[in-house]
Structures are given as C-alpha cells and as structure tokens.
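The values are calculated or read from the model by the stated rules, or taken from the named source; none is laboratory data. Note that this is a predicted model, so its numbers are computed, not measured. Cβ atoms come from the backbone with ideal geometry, glycine included; neighbour counts cover every protein chain shown.
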Amino acid sequence: MTMNEQHHTISYKSLTGTWVALVALTALTVAATRLDLGGYKVLTALTIACIKAGLVIAIFMHMKYEGRLLRWLLFLALVTLAIFIGLTFFDVLYR
Amino acid sequence: MTHQPHTDNLGARLGMWLFLFTELLLFGGLFLLYAVYFKRYPHEFAVAGTQLNWVMGTANTVILLTSSLCAAMAVTAVQRGESRRAVGLIGGTILCAAGFMTIKYFEWSEKIGHGIYPGSAHLRGGVPGESVFFSLYFMTTGIHGLHVLIGCVLLAVIGFKITSGAVTAENYNLLENGALYWHLVDLIWIFIFPLYYLIL
Amino acid sequence: MTSNVQRSDATRGGFWSDSGKTGLTSWIFSTDHKRIGLLYLFSTFSFFLVAVVLGLLLRIELMAPGRTIMGPQTYNAIFTVHGVMMIFLFIIPGFPGAFGNLVMPIQIGARDVFFPRLNLLSWWLYIIGAAIILTSLFTGGGPPDTGWTFYVPFSARTGTNVSLAVFGVFVVGFSSILTGLNFVTTIHRLRCEGMTWGRLPLFVWSLYATAWVQILATPILAITLVLVMAERLLGTGLFEPAQGGDPLMYQHLFWIYSHPAVYIMILPAMGVISDIIPVFSRKPIFGYKMIAFSSLAIAAFGSLVWGHHMFTSGMSDTAILVFSFLTFVVAIPSAIKVFNWISTLYKGSISLDAPMLFALSFILLFSIGGLSGLILGAAATDVHVHDTHFVVGHFHYVIFGGSGFAFFASMHYWLPKFFGRRYAEKPAVIAWVLMFTGFNVMYFTMQVLGMEGMPRRYYDYLPEFANLNLVATIGSWILVTGLVIMLVNLFRGLLWGEPFEGNPWGGATLEWSTATPPPTENFAEDPVVTHGPYDFTQQD
Amino acid sequence: MNQQDLISTTAAIDPVFMLIFGICLVLLLGITVVMIAFVVRYHRSRSPQPTSQSDGNVWLETIWIVLPTLLVLAMFWYGWKEYLVLRTVPKGALAVTATARMWSWEFRYANGKTSSKLYVPVGKPVRVELVSKDVIHGFFVPAFRVKRDVVPGMSNYAWFVATNPGSYDLFCSQYCGIQHSAMVTTVEAVPEVQFTAWLNQSSSGAVGGKLDGRKLATEKGCLGCHSLDGTRKVGPTFKGLFGSKVEVMHDGKMLNIIADDAYLKESIRQPGAKIVEDYPPIMPANADLTDEQVTALIEFIKSVK
Ligand code: HEA
Ligand code: HEA
Ligand code: CUA
Ligand SMILES: [Cu+2]
C-alpha cells in the first residue's frame, strides 16, 4: 500500500465549467420532458440524470483522481443497489 | 506501513465514502419503492406528478448545483491556502441550502394547504396510486431535506474550524469529507428531480 | 459487573491499568478498542441473558396445551421481545462488537481501529438504541407484539408500542453501520508490515466480509423501519392495500436486510472456528484461500436470496424460481468451509480443550441447521414447513448452535488472554456436554413438531402436539443447567482463576505474541509479520 | 377429469421431502462419522505430533465444490418441479372462497352457502380463493402439505384434494395477533353424495326464516374480540352493552353516548366512526353483512345481559 499520495487540486475554472454543464443538462432534461416522447421520456430523463451524477462524482467529488480501490467500491455499491432493485422486479413483473 | 492514522487521508476518505454508500442505499430503498409503484400505477403517477410545480423543482435543482459548486470550490480554496475565500464559499453553500429549504417550504405548504399530505382525507379517498405517489414524495423529499439540514450544520462547523485554523491546506480532511457529504445530497436530488417533477 | 472487574485491576495489568485510568468513565468514554470490545461483550451478553430467560418462559408456556403461565398477549409480546433482543441486541452487534473489537486490530498488528472515536460512538448508539427498545416495553401500549419481523399491516395496526421499538432498532442499525465501515477502513489501512491479504487470519477475513454486509444491507433496514414508523404515525399507506400500497413490498425490503443479516451473525462465527480448529490440531488450516474466498462468496450471494422467506406470500412464481435457485447457490460456500474444517483435523494432533469442543460441536450443529435450511430452500418443501416450528428449529440450530456456540468458543479461547486469568477446564467440559445434549433434545424435537404441522408463534396448540412440546421443554432445562455452569465457571475463572500467561494453546496469530493482557496500544513495538497465520512450525 | 392421473398435493410433496431429507441425513451422518473418527484417531494422546502439515489439495477441494453443486442443483430442480404441482389447479376443481379475518375463517361456496368449517367432497380437487379482511393470515392444511398466505388486497389461491374422508386440521400460519393460535378450524372431507346434500341444505344461520345471531357472531369472528361474560378481550365486551353509557372518540372529540340500536348498527357497519375510549381502532368493517344479519347481531347483543 502506498502512503498518502497528495491530493489533486482542481482549478476553479474546471469546477465552474462542470457547473455550467450541469445546469445545461438540467435545462435539457426539462426541455426534453416537456416534449411528448412517450415511453422514452423516463429513459431520457434518467439517462441525463446519470450523466449529471457521473459529472458530480467525477469532478466535484474528485473520483476522477482517486485510486482504483475507491472506484471499485463505488461500483460495488451501485451494483448492489441495482441487484436489489432488479431481483425485486422478478416478483413485481411476473406477479 | 507505519502508523500515522492522523495523516492517512486516503483512509479517512475511504471511511467517508463507505458512509456515503450507506446513504446511497438508504435512498435506494425509496427509489426501489418508487420503481415498483411506478410500474404498477404509471398513469396515476403521471397525473399526480403534474400537481408538482416543475418550475420550483428546476429552481431548486439549479440552487443545489450551485451550492455543490461552492462546496467544491471551497475545497480548492483551502488546498490553495485561501482560507478567507473558503469560508465565503461555505457561506455560499449554506445560503443556497437556505434558499432550497425555503422553496421546499413553500412547495410543501402549498400541497398541505390543498389537503395533500400523508394520510390526508383527500389521499385516502382518492385513487390508490395518487396516495402512494404523494406518500413517497413526502417521505423522499422529507428525508432529503433532513440531510440538507444536517449538511448545513456540518459545513457551518467546518467553516468555523477554518477560521480557527483547525482546517488548513495541510490538514483539510474534514472539509473534504464535509463537501463529499454535501455532494451526495446534491446527487440524490439529481435523481429525485426528474422522477417526481418531470416524469408526467 | 464493572465494579467486580475493577477490583482486580491492579493485578491485571495491560490495558486494564497501564493508562493509569480505571474508573467507570475511563471505560465508557474510552476509545481503546479492547475496552470498547469488553463494553460490547458485557452489554450484549446481558441482553442475551434477559432474552434467554424470555425464551425459557416461552418453553414453559408451551410445556402443555392451554394456558400454562401466561396469557396470549403476554406470550406474543415475549416471543417478539425475545426475537428482537436476540437478533438486534445480541447476535448482530455481539460478534463484531465484542470479539471483532477485542481481537481484530491485534490480529492485523494495529494499535487500534482506524476511527477510535467513531468506535466509541457505535457503542453509545447501541446502548441508546437498546435503551429505547427497553423503554418501549414499559410505555405506550406496552411491549410490541408483532414478531421480530414487524410485518405490516399488522404492525401498522396493533395498539402496542411498535413505533418506539422500531426506532430503537433503527438506532442500533446505525451503530452496526458505523462498526462495519470502521472495520473495512481498518483492514484496508492499518495492517502492519508484512501482513499481506494472504496472511490475514481467517477471523479477519470473515469480519471483512461481514462488515460489507453491514454497510450495504443495513441502510435498507433503516429506511424500512422509518417507513413503518411513518405508516403508523402519519398514515402514509405505502404498505396498506386500501391506499394502493403492497404489503409484500414491506417483506421484500425487510428481508433484503434481514437475510444478509443472518450472515452477519454466522460469518464471524465461521471465522472463529477457522482460527480455533488449526490451533488445537497443530496443523495449518486446510484450503486457506477457499475459506477466505467463501466468506466473501457467502456475503455476496447471501445478499441475493431474501425471497426465500416469501415462498408462500403470493410472490410471483418466477421470483420463487430465482430465489430458490440462488438459495441453493449460497449453500455451496458453506459446504466448502465444513469440508475444509474437517480436513484440517486429518493427521493433526488434536487436543479437546473447551474452545475446541465448542468449535467441533459448532460444525455439527451448524450442519444440522444448514442442511435443514436446504429443506426450506426448496420451494415444494418450504411450503409445508414454512412458518412452523421447523423454521424455528432451523434458525435456532444455525443461530444458537452456530453463532451462539462459536461465541461460547471464543469466550473460552480469547477471554483468558484479555483477563489474564483462566477458567477451570473440567466444569467447562461438563457444561458443554449438558448444553450440547439439551440443545439437540430441544431443537430437534421442535423440527419434528414443525414437520407434523405445528405453526410457529402459537400460544396454544392442539393436543396431538403435547408430548413433543413437553420433550422440547425438558431439553430447554438441560440446556439451562449447562449454560449456568458455563457462565459461573467463566465468571469465577476470569476474575479469580489461575493466571493465564504466554501462549499455552500455541496459536500463531499476532494476539498470542503480545503481552497478556495486551497493553493499551497492543504491542511494545510495531510487529512485522513474516509467516502465515497458521504456520505453527515457526514456534518453539 | 380423469381420476387416475390426479396427483394429490400430498403425493407430490412427500417424495421431494424424503429425497432432500435423505440426502441431508446421509451428508450429516458422513460428516459426523468422519469428524469423530478423526478426533479419535488423531487425538493428541495417540498422535502427539501432527503427521502432516498439508494446507490444501486442489483436487480434493474441487471435488467438494463440484459434488455439492450437483447435489444442490438436483434438490433445487426437484423442489421447483413439484412446487409447480401446487400451483396448477386441476380442471373442474370445486371453487370455494376462504375469508380470513381476525380471528376466524369463513368459507363461501358458489351457491352462497357459508360455513366456518371447510367441507369438501372426497376425491375432488378444491380450489380455495384466499381473501383477507384485515391483516395477513395464512391458510395451512398440514395433511395436504399446502400453505398460502392470505394477504389483504391480493388474490392468492391454494388447491388440494382429499383422497380419504376425515377431518383435517386447518391452521392460520401467519402471525396475526392475539388469537392467532386460536384461528384454527378443520377441513371436513366427506363422500361426494353427502357433500352435495350438505351443500344444498339451506344456509347456515337461518332457523325457520330467522337468523341465529349467536351463530353469526361466532362465524363472523365477533366473539374473537368481544366476550360474552364481561371480560376484556381485544374489543369491549358485549355483556350489558345495550343501553349502557359508552365513552367514544368521534372526530377527535370525546362523546358520552348511550348504546342504542343506531349506535350498534353504526359500530358494526362503520367501526371507524366512533372509537370506544381506551380501545384501538382495529375492528374490521363488515361490508358483506346483509341488513338482516346486522339486525340479528344486534338482537343477539341485546340478549347478552
Ligand atoms: C445464523 C443465521 C442463519 C444462517 C447461517 C442460515 C442459513 C441458511 N438458511 Fe436460514 N434462517 C435464519 C437464520 C439463518 N439461516 C432465520 C433467523 C430464519 C427465520 C426468520 C424468521 O422467519 O423469523 C431463517 C429462515 C430460513 C428460510 C425461510 C423459511 C421460511 O420461513 O419458510 C430459508 C429458506 O430457504 C432458509 C434457508 C437457509 C439456507 C439455505 C442457509 C444456508 O446458508 C445454509 C448453508 C449450510 C449448509 C448447507 C450446511 C453445511 C454444509 C454441509 C454439511 C455440507 C454438505 C452440504 C451440501 C452438499 C449443500 N432460512
Ligand atoms: C440469538 C438468537 C436466539 C437464541 C440464542 C435463542 C434461544 C432460545 N430460544 Fe429463541 N428465538 C429467536 C432467537 C434466539 N432464540 C428468534 C429470532 C425467534 C423468533 C421470534 C419471532 O417469532 O418473532 C425465536 C423464537 C423462539 C421460539 C418460538 C416462539 C413461537 O414461534 O411460538 C421459542 C419457543 O420455544 C424459543 C425458545 C428459545 C429457547 C428456549 C432458547 C434457549 O436457547 C434459551 C436457553 C435458556 C437458557 C440456556 C437459560 C439459562 C440462563 C439463565 C436462566 C440465566 C442465568 C443467569 C445468570 C447465570 C446470571 N425461541
Ligand atoms: Cu390469522 Cu394468524
Ligand atoms: Cu434467509
């Protein structure tokens, strides 16, 4: 195990850039869901939400600069949640 | 390795992230219920969802995103040793949070004024899916709001620690973890917003 | 208990006195993992004793049909409180809290856990939660009468004090989460030099797997309990059919946590057994890698099988197919462990000291419980025995015969190390014989009762079940006798018994290489590990 | 429906049970014997030093991963296959609706007849619709190896066939409150002719055109919560109720009222309207009672002095 590697400092500029992207994506979701997309609406909205979440995690939460360990663990937590929901749907969908 | 737990930043962050996972799963339970009931009552959910004010929701989303930006910049500021600026940014975060809670307050009181709250006569008498939607809405945003409040207190304490010199460019773990917590609150909202306000 | 403990502090040495502080506050505000471990030990074990007396009362009531010593409401409250205390106040916090705290940091060569103050907070949360649960018994509508599963809609309607009890469980759950994240961080960050992942004692591996379950599953319980409270206090109706809710969703959420929770109970137990058997056989554990890996596999797959508690609930048949299949998959890593433990004995040099007796009986009792779990895991057979005393027998075999006996094994194995004194061997063996006998008489009979169709949570039963119930009750008395002997022996021995020094059993893990009792920061000098945890050839 | 290939639920489940139980027994015996043998053979008195320091064997471990896998897959598959029998109702099954409430069973037949015991013809499959009026109950007949939860708001079912005449226990298997263990009745399997005769007798409560209130109160489960002798059960006693003064909560206000006909009627029809002080609001609404039945119940309550 390596010792405390010093932390990456993220410039104000890239943080602000991220924020602009996030706000733009928010506007995009709102606009998209005002349209009549039928069943794709949910999909669109959630996809955009996932992209936004990814941005927040990667930049604001510094995950982009973390080591492998934390990334794997984050992945593990998300997969666990997905499995909990997924397996429940074996009941909900086929009842 | 030798024992230097006080400067083991990675360890401290690991602990914080683990805690964030538990928060994620806590809300995950609510999202699970949302998914299940949305599947069962798509129409009722859509109708009920139109009763929420998407303008307010959007405003709150932007406010929270901004607060997150402030929190992230505060970390950068402390890393660069600009502690005055960091305190200011934390103040900005808390201000945004206050704005968020104010809007939330208006939204909730409007709904409650219309007789829509968990267990209200209106919901008991209405279609089943509507009651489920609003119960979930109040539970989710309620617990989320509670997290906003906790985050505010946490950040305020950290702000004072920066002024008192306990959090510095060499030792900013606390701030970093506080900011992580705040981003999580934002993260949850990023999903609450489309699910409740937009999918109609 | 603490006052007795203090009396002999001066002679004890180590972490008992080397900080110069011995008063009560030096314990309940201590951040030393060993002191916190002992706090957990005393508090969880106290609840165990209370709950055990409740269990005994249940058996006495069931001794004969009709009213024996209590009314139905009392009976329902007692089995609920018995279950809640045993699960949430004893066995879940007990293993990680008591032995995890006492031993794990020493075994990895650390001075303490990664977040010592958080560790103390965990214990306080546990105590606060427990206090809330206790309060719920004497206030409001009286003790909850829902069963430890709190199934809605019943739990949303009953007039008893469910909300408060549920809130107590919520707080205890929070404590469990903090312990889990503390342990994961500790195991990742504080292993001493040379302590590679491949040299971790298996107890540490099992705690690592347990901690992940605590982290990822407990939050679901937390939110579920919040929703039950909301259901009762606000009328959210999320599980109320009249308002469009689905009672089965409660069951899903509850078991998403509570099935993995049974592995929180058993995994550390398996870890202890994997540590004890090699030591008393003087032989390395057979298949270290597979045992470590199977702990992780149990934690992972164990999170996917919760639906097997709902086979008769009206859940979809597809879900039953999936969950039944996954349930059988989890049995495989358990089987690997059992076979590896037994192979460890082969060509060893076995000495049957008390810890070893408990460990060997663990294997048998856990196997009986686990194999009966297979009958429950198959859809066709579960339908017949679900919600009968067969299930009650199954889980007492795995929880009490498994985790409980492993807990007793660890008490005999590790406590002398921390108290510096030891118990007498002979009474320990007598106690073991009585407990083992009484245990089987009681719970095997209950499994037979279940196969004959006696439902569980029955205050009263039809005359045809009378004989077997009497037998089971007699079994419980044999068990009591054994337990009392064991406790008296341990209590006397640890306080006033012969000194316990050095490494009489010849363990090769780090806790045996430090002073007895260990000093506050565990080691005089940070250890450097050069061999595996079961490499006994390095000794002498 | 061909009688020959009608497999009873008991005959479907028992072989699986035996199979899994048998495998488990063999495994357990094997483990026990080997363990004891090792402990005896390699006891320190006989084997003062370990004669091997082996710490694993890939082949052995592979064997005991593969073998259990095959065994459990067999158990799983067989268990699933026979479970399907429980889910596949034979054609032409007799339909009965079981209504569970705290804490009684009521069985309703196609012709409207109700009964508190489940009468079924021997040799004919019976499909039971499971309906709950309040909380979750469980429909459990050990003799036929069938069990299914009775969940409010859900339509569950179970089926079985009684191959021999007799009286079989029927339990409530899902915990449902104070009288859970008393929610017991029987399945009465009688020859087909007898069953038809019973089914066509006029409905249970009516004796000469007048309903028997006491019988009704038993059947509808009232007496599970209300005593006739003045003792306090889950609900207030019926003894001396009529004409007495009752303190009730109504819309959050306390009222003192006299229990008259109108009040009793309301209490039965809409139990939630006025809640007797010091009692929980858990009495189920009885929407399925006819006006005559309510009148009969009230007459009965009046008669309990
Ligand atoms: C410590 C706790 C613990 C443990 C470890 C287990 C382990 C298992 N449990 Fe158990 N269980 C409970 C605690 C536990 N359980 C509790 C508390 C309940 C009731 C809750 C309630 O309703 O109140 C319950 C209920 C329960 C049910 C629901 C019953 C019902 O309500 O209808 C089921 C169904 O599948 C089940 C299955 C299993 C299985 C397959 C395992 C497996 O993990 C077992 C694996 C072990 C072995 C298989 C034995 C060892 C191996 C061998 C001897 C080698 C040979 C083996 C093979 C060839 C496979 N359990
Ligand atoms: C850790 C878990 C654990 C343990 C160890 C036990 C231990 C015991 N349980 Fe347990 N039990 C549960 C967990 C546990 N139980 C759970 C989760 C349930 C389900 C609840 C529900 O349905 O919701 C349950 C349900 C349950 C029932 C079923 C109730 C029903 O369905 O109707 C019964 C009935 O016999 C029972 C009996 C016992 C007995 C007799 C013991 C015995 O092992 C106790 C033996 C007693 C002694 C050994 C006592 C000796 C000690 C003393 C007398 C004190 C001495 C004091 C000093 C020395 C200071 N329990
Ligand atoms: Cu009805 Cu138990
Ligand atoms: Cu389980």
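A few remarks follow.
- Number of the exception - residue C:324 against (1) closer than 26 Å to residue C:290 by Cα; (2) buried (at least 23 other Cβ atoms within 10 Å of the Cβ); (3) within 11 Å of ligand 1 (Cβ to nearest atom); (4) more than 9 Å from chain D (Cβ to nearest Cβ): (4)
- Checking C:509, C:473 one by one, the residue that is closer than 28 Å to residue C:46 by Cα, among the hydroxyl-bearing types (Ser, Thr, Tyr), modelled with pLDDT of 85 or more and under 24 Å from the mean Cα position of the chain (by Cα) is C:473 and no other.
- Which listed residue is away from ligand 2 (no atom under 16 Å from the Cβ), touching a His at 6+ places or on another chain (Cβ under 6 Å) and at pLDDT 90 or above, from D:100, D:95: D:100
- Unique residue being facing another protein chain (nearest Cβ under 10 Å) and over 16 Å from the mean Cα position of the chain (by Cα) when the list is B:62, B:75: B:75
- Taking the criterion of being surrounded by fewer than 19 Cβ atoms within 10 Å (Cβ to Cβ) and of a type outside the set (Asp, Glu), the residues of segment C:492-511 that qualify are C:492, C:495, C:496, C:497, C:499, C:502, C:503, C:504, C:505, C:506.
- Residue in segment C:142-156 that is more than 15 Å from ligand 1 (Cβ to nearest atom), in a helix (DSSP H, G or I) and over 30 Å from residue C:241 (Cβ atoms) present: no
- Only residues that are more than 15 Å from residue D:99 (Cβ to Cβ) and facing chain C (nearest Cβ under 7 Å) were counted in segment D:109-145, giving 3.
- Residues being touching a Pro at 6+ places or on another chain (Cβ under 9 Å), within 30 Å of residue C:411 (Cα to Cα) and surrounded by fewer than 21 Cβ atoms within 10 Å (Cβ to Cβ) - total across segment C:456-489: 2
- Residue check for residue D:134: at pLDDT below 90 and away from ligand 2 (no atom under 16 Å from the Cβ): yes
- Any hit, segment C:402-422, residues being near ligand 1 (Cβ under 7 Å from one of its atoms) and surrounded by fewer than 24 Cβ atoms within 10 Å (Cβ to Cβ): no
- Hits in segment D:20-65 (condition: polar (S, T, N, Q), under 46 Å from the mean Cα position of the chain (by Cα) and more than 8 Å from every other protein chain (Cβ to nearest Cβ)): D:62
- Assessment of segment C:265-281 against the conditions (more than 16 Å from ligand 2 (Cβ to nearest atom), under 23 Å from residue C:84 (Cβ atoms) and crowded, with 24+ Cβ neighbours inside 10 Å) yields no matching residue.
- Residue D:174 passes every criterion in (1) within 16 Å of ligand 1 (Cβ to nearest atom); (2) within 22 Å of residue D:15 (Cα to Cα) apart from (2).
- Subset of segment C:130-155 (residues that are within 9 Å of another protein chain (Cβ to nearest Cβ) and among the hydrophobic types (A, V, I, L, M, F, W, C)): C:152, C:154
- With respect to the conditions (1) within 16 Å of ligand 1 (Cβ to nearest atom); (2) free of Cβ contacts under 8 Å to residues at least 12 places away in the same chain, residue C:74 lacks only one, and its number is (1).
- The number of residues in segment D:85-97 being within 14 Å of chain C (Cβ to nearest Cβ) and farther than 30 Å from residue D:20 by Cα comes to 0.
- Candidate set from segment B:142-155 (those that are more than 13 Å from every other protein chain (Cβ to nearest Cβ) and buried (at least 16 other Cβ atoms within 10 Å of the Cβ)); member that is farthest from residue B:17 (Cα to Cα): B:145
- Every listed requirement among (1) within 13 Å of chain D (Cβ to nearest Cβ); (2) touching a residue at least 60 places away in the same chain (Cβ under 8 Å); (3) farther than 29 Å from residue D:141 by Cα is met by residue C:402 save one, (1).
- Here C:179, C:186, C:224 are screened, and the one residue that is facing another protein chain (nearest Cβ under 7 Å), surrounded by 20 or more Cβ atoms within 10 Å (Cβ to Cβ) and at pLDDT 90 or above is C:224.
- Failed item in (1) more than 16 Å from ligand 4 (Cβ to nearest atom); (2) under 27 Å from the mean Cα position of the chain (by Cα); (3) among the aliphatic types (A, V, I, L, M); (4) more than 30 Å from residue C:200 (Cβ to Cβ), with residue C:242 passing the rest: (2)
- Considering the conditions (1) more than 22 Å from the chain's Cα centre (by Cα); (2) modelled with pLDDT of 90 or more, residue B:82 is excluded by exactly one of them, (2).
- Every residue from segment D:164-190 that is more than 7 Å from every other protein chain (Cβ to nearest Cβ) and among the aromatic types (Phe, Trp, Tyr): D:168
- Taking (1) within 14 Å of chain C (Cβ to nearest Cβ); (2) part of a loop (DSSP other than H, G, I, E, B); (3) away from ligand 3 (no atom under 16 Å from the Cβ); (4) buried (at least 17 other Cβ atoms within 10 Å of the Cβ) in turn, residue D:82 satisfies each apart from (2).
- Residue C:457 meets all of the listed conditions (1) at positive phi; (2) more than 16 Å from ligand 1 (Cβ to nearest atom) but one, namely (2).
- Scanning segment D:167-193 for residues that are farther than 19 Å from residue C:465 by Cα and in contact (Cβ under 8 Å) with a residue 12 or more places away in the chain yields D:176, D:177, D:178, D:188, D:189, D:190, D:191, D:192.
- Hits in segment C:76-85 (condition: away from ligand 3 (no atom under 16 Å from the Cβ) and within 13 Å of residue C:56 (Cα to Cα)): C:78, C:81, C:82, C:83
- Restricting the first member to segment C:328-356 and to residues that are more than 7 Å from chain D (Cβ to nearest Cβ), and the second to residues that are of a type in the set (Lys, Arg) and crowded, with 22+ Cβ neighbours inside 10 Å, the beta-carbon pairs closer than 7 Å and six or more apart or on different chains are C:344/C:283.
- Selected residue (criterion: surrounded by the most Cβ atoms within 10 Å (Cβ to Cβ)) from residues of segment A:45-67 that are over 30 Å from residue B:10 (Cα atoms) and within 9 Å of chain B (Cβ to nearest Cβ): A:45
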